[in-house]
Amino acid sequence: MVTVREQLPGRLNELSQETTVEHADQALHDLDEWLDRVRGILDGESLSQLEEVAHLTLQKELESTIHHRSNTFYTGIEMADILAHLHVDEDTLSAAMLYRGVREGVMSLDEVHEKFGEQVFALVKGTLAMGKLSELIEQNKRLEDHFNNNQREHLTGIYKMLISVTEDVRVVLIKLAERTYALRELAHSSKERQERVAREILTIYSPLAHRLGIAQLKWELEDLAFRYLAPERYKEIASLLNEKRLEREQYIQFVTDKLRQELLDHDIEAEINGRVKHIYSIYRKMKSKNLSFDQLYDIRAVRVLVKSVPECYHTLGIVHQIWRHIPHQFDDYITNPKANGYRSLHTAVIAENKSLEVQIRTQTMHQEAELGVCSHFNYKEGSKNTDHSFNHRLHSLRSVLEHYQERNDASAHKDEEGEESFEQIQDFEGFEKIYVFSRDGDIKELPRGATVLDFAYHVHTQVGNKCYAARVNQRYVPLTYTLKTGEQVEILTKKDREPNRDWIVNSLGYIKTARARDKLRHWFRQQDRSKNLEVGREILNKELARLAIHPKSIDLNDYCSHFNVKTGEDILIGLVSGDISLHALINQVNRHMHLDQDEPELVLKPTLNPRASHTLSAHGILIDGLDNVELHVAQCCQPVHGESIGGYITLNRGVSIHKVACPDYMRMIQQEPERAVEADWEMQPTRGQSVQIVVEAYDRRGLLKDLTQVIFSDQINIRQVNTISESDGIANMKLLIEVKGLAQLSRLLARLEQQPGIISARRLVQGN
């Protein structure tokens, strides 16, 4: 167990503080003993790298002239000793030993990379990043107030923030080991620091250890923190227990062995785990449920996992047979599950003259309780809202941790298949949220990719509207700056400031969140209608001029029904507010107008029967064996392009077109199959429409190459290029291209004008 503190690390601490050669020799001797003990824990692994790291850390500590707060060698030994009991790999142990030395400046990060490779380097670097966040949390006075008042709703983002900076569970484990060591060493610190660090650990790191399923660290963190925060209450509960934790663990081992044997005698295969409730957990239950110590029956508990529900009840009968049941202490959550879906059998018995809680459930119930919607940590921490992205990350991290434990249980030699599965486990999904500090120290949760302007609107609508500048970590940044986890953001505002219309343009990158975009659009809607009409008309006329379309040739009222507005003026206002996209409007214009073509389009028609004559009707429908026949689309099913269709010869209305699955059609052809004819839709043209564009630009080397790359990136074919360079350094280029419509042409011309040195890009028609 992690809690069993052996004397060897302590001796190493004392010896490492001495700088004489003989003391150093003794330290090396004790170091070898400690390495042998770790090898025994890890099933005899060689640990050659860890040995090299340990000797280097000791050497650096003895030679160091840098003033630092703690002994880096001893700290590394303690952290590695904690992690060794979690059966982590050698890289993790090495990184744990090196971390404090790098942090205190005794050795450099580059030296770690050079001597021990990429893996150890990444672990140390990741732990340093998490340590930096931890320092920000510790220095934040606003969070200190939340700690003092136990305002958990203001602190839920903290451990999310810590998780979000890494995708490697080993970094989290190293940090938890470092916090455990820090808590152990608080005895010599001031009472103020003891309470502050204890509150931080109790609020952030013990819940994190709980969520990762690391019970050994969780209970030690909680008990030690509780000891500093409420020493009198801690001593009181410890005295009521009237036994040491080691004695309680021996008791649990005895009852689990006895129950396992009884179940085997009844041919029930079961997985049995036991736990003893630690002091802080006892205190929390007494406080939350207003119980006395004598009313607690789950101080000692075992959990039995069986294969089926009938075996659950059979096991319950066996438990009550070998031990006396405590009246009124039985709950059947299998027949009557909890509101969150939790299922299990709970009973309390007197086993060996002591109260014992027994939980019985199937493996499936256990998985649901641990990782499903009824996760134990959600219940224990009183979590009401579920962050699915965060829970996914936690489950991924837990799976990696379980991999280490399973690897320890299995053979020390891993095959290739095992290594491949481990790599798959480490392939995490990207964390969807970032966590930043406000100027006052509050934590704000934002979607990944959010900018400082998104942050401003997240704080308050008026803060976003009045924003004119921003500072991140005391440094001025543009409003398009993408925020990262752990940064502190300050928004600067002016009373007379108004939102810029560029903010709502997607391509400029000011706004990334839907929340901020909606607030901006609402503000623009509230502005003067006549001003918006003028701006909207200017936007539309500019685009029409570029496409060589006269403004009077289109009537905006024709498009009102499509955009669900009342008048054409509403379309112009929609262009300004962002409710209507300019490209969407141009697309609708393209449906009413046709571009000039220099030659007929190539139309490919599907072949239903090579020997039959085919005709293309006004509906774009092909009929097998019939020519120049009247067609109409049946109103019973109203088929649209792309759906499977068939024809039916009527008596006086020609051929009616139905969906193949239309009930009326199926009934008619069943009664008169001779009237059925094959039908299909015409294929779409495979070529685009030819359009001539003219580009005016400042002449330079590579200009034509840059423009053609832009055109090719939109998958547009260039049929002809004519370039004329004038004496004044202006180049005029005429290009004949093939586009699929006005919308594609509009996007292309806009992209061309964004290129360096381009004066204008527009469509060329006869007469201009």
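Here are a few things to note about the model shown:
Residue-by-condition table, conditions (1) out of contact with any Cys (no Cβ under 6 Å at 6 or more places or on another chain); (2) within 26 Å of Glu247 (Cα to Cα); (3) in contact (Cβ under 8 Å) with a residue 40 or more places away in the chain:
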site	(1), (2), (3)
Arg300	yes, yes, yes
Arg303	yes, yes, yes
Val309	yes, no, yes
His314	yes, no, yes
Gly317	yes, no, no
Trp323	yes, yes, no
His328	yes, no, no
Asp331	yes, no, no
Pro337	yes, no, no
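- Set Leu544, Leu575, Leu540: member being in a helix (DSSP H, G or I) and touching a Pro at 6+ places or on another chain (Cβ under 6 Å): Leu544
- Residue under evaluation Gln462, criteria (1) modelled with pLDDT under 85; (2) within 24 Å of Ser577 (Cα to Cα); (3) surrounded by fewer than 16 Cβ atoms within 10 Å (Cβ to Cβ), criterion not met: (1)
- Any helices (runs of 4 or more DSSP H) falling wholly within segment 86-187 and containing at least 3 residues that are more than 23 Å from the chain's Cα centre (by Cα) and either modelled with pLDDT of 85 or more or not assigned by TED's automatic domain parsing to the domain that holds Ser48 (or both): 90-103, 109-139, 169-184
- Filter result for Lys60 (within 34 Å of the chain's Cα centre (by Cα) and not in a loop (DSSP other than H, G, I, E, B)): no
- Within segment 715-768, the set of residues being at pLDDT below 85, loosely packed, with under 12 Cβ neighbours inside 10 Å and among the polar types (S, T, N, Q) comprises Gln715, Ser727, Gln754, Gln766, Asn768.
- Lone unmet requirement of (1) surrounded by 14 or more Cβ atoms within 10 Å (Cβ to Cβ); (2) closer than 30 Å to Arg763 by Cα for Glu487: (2)
- Taken together, Leu492, Leu508, Leu520 contain a single residue that is hydrophobic (A, V, I, L, M, F, W, C), more than 18 Å from Lys433 (Cβ to Cβ), in the same structural domain as Thr451 (by TED's automatic domain parsing) and at pLDDT below 85, which is Leu508.
- Looking only at segment 504-521, residues that are surrounded by fewer than 18 Cβ atoms within 10 Å (Cβ to Cβ), closer than 21 Å to Arg747 by Cβ and not hydroxyl-bearing (Ser, Thr, Tyr) come to 4 in all.
- Condition met for Asp257 (assigned by TED's automatic domain parsing to the domain that holds Val358, on the phi > 0 side of the Ramachandran plot and either surrounded by fewer than 19 Cβ atoms within 10 Å (Cβ to Cβ) or at pLDDT 80 or above (or both)): no
- Subset of segment 328-356 that is more than 25 Å from Gln253 (Cα to Cα) and part of a strand (DSSP E or B) - its residue that is modelled with the lowest pLDDT: His328
- Glu534 being exposed (fewer than 14 other Cβ atoms within 10 Å of the Cβ) and part of a loop (DSSP other than H, G, I, E, B): no
- Filter pass, Leu217 being at pLDDT 80 or above and under 24 Å from Thr72 (Cβ atoms): no
- Residue match in segment 437-451 (condition: modelled with pLDDT under 85, of a type in the set (Asp, Glu) and not in a loop (DSSP other than H, G, I, E, B)): yes
The values are calculated or read from the model by the stated rules, or taken from the named source; none is laboratory data. As the structure is a prediction and not an experimental result, all values here were calculated from the model. Methodologically, a virtual Cβ is constructed for each residue, glycine included, from the backbone with ideal geometry; neighbour enumeration extends over all protein chains shown.
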